[in-house]
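Here the structure is laid out as structure tokens; the discussion comes afterwards.
Nothing in this text is a laboratory measurement; each read-out follows from the coordinates by a stated rule. Worth saying up front: this structure is predicted, and the values here are computed from it rather than measured. Cβ coordinates were reconstructed from backbone atoms using ideal geometry, including for glycine residues, and neighbour counts include every protein chain displayed.
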Amino acid sequence: MNSKVTNRIALSLIVLCAGIMAAILLALLGYILVNGVTSISWRFLTSESSTFLAGGGIKDQLWNSFYVLFLTMLLTVPIGVCGGIYLAEYAKPGKLTSFIRSCVEVLASLPSIVVGMFGMLLFVNYFQFRYSVLSGALALTVFNLPVIVRVTEDGFRALSRHQKEGGLALGMTHWHTIKKILLPAAFPSILTGVILSAGRVFGESAALLFTAGLSTPNLDFANWNPASPNSPLNMFRSAETLSVHIWAVNTNGIIPDVQTVANGSAAVLVICVLLFNLLARGVGKWIHQKLSGKA
Amino acid sequence: MMKASRGLTEEALSKQTDPSLLKESGLFKQLTNRYSESRGKFLIFSCALLMIVAVIAITLFLMVQGLRSFVVDHINPWTFITGMQWYPDSATHPSFGALPFIFGSMAVTLLAAVIATPIAVGTAIFMAELSQKWGQRLMQPVIEILVGIPSVVYGLIGLLVVVPFMRIHFGGSGFNLITGALVVGIMILPTVASIAADSIRAVPNSLREASYAIGGTKWQTIWRVVIPAAGANLITAIVLGMSRAFGEALAVQMVIGNARNLPHSLFDPAATLTTIITLSMGNSTTGSVLNDALWSLGLVLLLISYLFILLVRFLSRKRVL
């Protein structure tokens, strides 16, 4: 076979691979949206799930997902950003720094179920938080920290040196240079990364199985007192999130309309994740335009 | 915030004659205060230390809990790892042999890599070598969206599409090893593709130009020059994908069939370390032998994950370029 023919064949195979990849995405999204959107209705989104009757909704699960996400972000962002700043600004090359780097790497590549088991040992059993929103959020914090650390470090490293030198030349301390000059400048890229990681946290399920639990008490959405046991804001109640719900109805579910509920929930989940993706792109672009004075 | 620094400059310039004013306004003091510097440094440093604490805590907690079954319940570690029988609920002879699960995990991981590698590397070559424009405009977003899709959704699709497909064309229940590997293989595609694309882009252009200069075709350049040059990094991409496949729990559990025996063929139901933990952890009481054995499985999972991490470090240290 002459080399030109081989070239043709090989290159078409490569294009085929890319085509398969794109086709997988289309098929996945198409399947989920076509099958799921029909079962999404206002009633589906706003009614409670049922344990054995048909016609259950996902109100509580949807709320739990957002609540756990919110708490996780509240914990992760400050700690992760500080950790990233350390690695980008303060860390001197040495054993300690490379150890911290390895730890971030380890945290990022541990299976999420291992993080879930750790959460069960420490937060659920040892700290006696039981299966709760708080345990779930803490486990997801461990899961999400390395992502935020990396995003922050990359954001800081991408800044031009002049910004830092400018601050230091004014006699500002290093810390104030970071706080007043570098952090605001790195803000857009950090925000984009944070929103993207939010999508990841929103869809996470294995880490929540043993920490947030598989059930939700009857929530009273008129009761916003965080201390009362049936309040949606209570942090110490168990909380099944949307992605855990998809798994649970398929595995132990005895409701007759498993497929409808699972498809509908999956469609809601995927739409939320897509929105996070779009938001991340949009926000990044918008802030960039604002800062560069084009808008 | 940029305003703050600009304001400071203007203020400093206008009040050069009277430095006491600047001191009184407090801004000067605030921005050059050594105490706040050390406070900030302390805050930042403690957050960084938290990473170390987290890793050590995870390792220690799982280690202590995972060793209970050997220390407290006197299960022989060797029979635990090599035993073929997992009958924890048998009243007379409960047996805890984890080999079928370890084997299942390995099989799913390897098969997933075999399924994912050609397509992922092909896509990476397309993005980095063939068409930068389409790679940037089309494939980059495709990969980003695929990475974002939650694993449960992959599991659900596997359950609703792949399982019936297998049942119709290959017989059986459709819940089997190859279905699990296929679902996970598709799940790790975008991860492998995006890291592989980065490693191909990192190959210096001079190598390609040298190949074209001696009359190589595009494919010869890719096959003989670019891929060997990207070598170790390409393998890193695949290993990272494998470590993700190894740790995946719910998506595999939904489609693999959860049999406790060693599968005899690709079309037999199987189980992995993650699936058995997912399934049994909720039904076992804390402190029971079954519960301890599950934590030992968790420990095995953790140790193999560490092996993957070490392998990735080893590979990325051996940078050819």
Item to check | Folded to 0 to 90 degrees: helix B:2-14 orientation relative to chain B principal axis, Cα | outcome: 20 degrees
Checklist outcome for this item: Mean other chain Cβ within 10 Å across A:253-262 is 1
Next on the checklist: Residue by residue through A:51-64, how many Cβ atoms from other chains fall within 10 Å of the Cβ on average?
Outcome noted: 0
Next on the checklist: I'd like the distance separating the alpha-carbon centroids of the range A:259-295 and the range A:1-54, in whole Å.
Outcome noted: 18 Å
Checklist outcome for this item: Result row for chain A, helices from DSSP H with C-alpha axial extent 18 Å or more and mean Kyte hydropathy at least -1.0, is A:3-37, A:59-85, A:95-109, A:133-157, A:183-203, A:258-291
Checklist entry - With charges only on Cβ, +1 for K and R and -1 for D and E, what is the dipole size of the protein assembly as shown about its Cα centre, in debye, rounded to 20? => result 2060 debye
Next on the checklist: With 10 angstrom as the radius, rank A:Ser292, B:Ser243, B:Ser305 by how many other C-beta atoms surround their C-beta, starting from the fewest.
Outcome noted: A:Ser292, B:Ser305, B:Ser243
Checklist outcome for this item: Projected onto the charge dipole of the protein assembly as shown (unit charges on the beta-carbon of Lys, Arg, Asp and Glu, signs +1, +1, -1, -1), the Cα from B:Ala293, B:Trp86, B:Val147 with the largest positive-side position is that of B:Val147
Checklist outcome for this item: GNM of chain B, Cα pairs under 10 angstrom: of B:Ser284, B:Ser199, B:Ser36, the biggest fluctuation goes to B:Ser36
Next on the checklist: Spelling out what I want: for every residue of the range B:104-118, take phi, set θ = phi - 60°, compute 6.51 cos²θ - 1.76 cosθ + 1.60 (Karplus), and round to whole Hz; glycine and proline get x.
Outcome noted: x, 4, 4, 4, 4, 4, 5, 4, 4, 5, 4, 6, 7, 4, x
Checklist entry - Per residue, what volume in Å³ does the convex hull of the Cα atoms of the range A:173-295 enclose? => result 176 Å³
Checklist entry - Around B:Ser95, which amide H atoms from residues at least 5 apart in sequence, or from another chain, sit under 5 Å from its own amide H, with H modelled in the peptide plane? => result B:Tyr87, B:Ser90
Item to check | Descending principal axes extents, the protein assembly as shown, alpha-carbon based, whole Å | outcome: 92, 77, 54
Checklist entry - In whole Å, what is the distance between the alpha-carbon centres of the range B:104-120 and the range A:144-205? => result 36 Å
Next on the checklist: Over the range A:38-291, how many pairs of lysines fall under 25 Å by alpha carbon, counting only those 8 or more apart in sequence or from different chains?
Outcome noted: 11
Checklist entry - Angle, helix B:177-201 long axis vs. longest principal axis of chain B, Cα atoms, 0 to 90°, nearest 10? => result 30 degrees
Item to check | Centre separation in Å (Cα based) which lies between the range A:85-126 and the range A:241-257 | outcome: 32 Å
Item to check | In Hz, Karplus ³J(HN,Hα) per residue of the range B:152-160 (6.51, -1.76, 1.60; θ = phi - 60°; x = Gly, Pro) | outcome: 4, 5, 4, x, 4, 4, x, 5, 8
Checklist entry - If you take the Cα Rg of chain A and divide it by 2.2 N^0.38 Å, with N the number of residues, what do you get? => result 1.20
Checklist entry - Can you tell which of B:Glu37, B:Glu248, B:Glu144 shows the greatest fluctuation in a Gaussian network model of chain B with Cα springs below 10 Å? => result B:Glu37
Checklist outcome for this item: Phi-derived 3J(HN,Hα) across the range B:137-149 with the Karplus relation (6.51, -1.76, 1.60, θ = phi - 60°), rounded Hz, x for Gly and Pro, is 7, 9, 6, 4, x, 4, 5, 4, 5, 4, 4, x, 5
Checklist entry - So what is the calculated 222 nm ellipticity per residue for chain B, using -39500 (n - 2.57) for each DSSP H run with n of 4 or more, over all residues, to the nearest 500 deg cm²/dmol? => result -22500 deg cm²/dmol
Checklist outcome for this item: Taking trypsin sites (Lys or Arg not before Pro) as exposed when in a DSSP loop with at most 16 other Cβ atoms inside 10 Å, chain A has its longest clean stretch at A:131-293
Item to check | Residue-averaged [θ]222 nm for chain A, counting only DSSP H segments that reach four residues, each worth -39500 (n - 2.57) | outcome: -22000 deg cm²/dmol
Next on the checklist: Over chain A, what is the relative contact order in percent, taking alpha-carbon pairs closer than 8 angstrom and at least six residues apart?
Outcome noted: 25 percent
Item to check | For chain B, built as a Gaussian network whose Cα springs stay under 10 Å, the top-fluctuating residue of B:Tyr87, B:Tyr212, B:Tyr306 | outcome: B:Tyr212
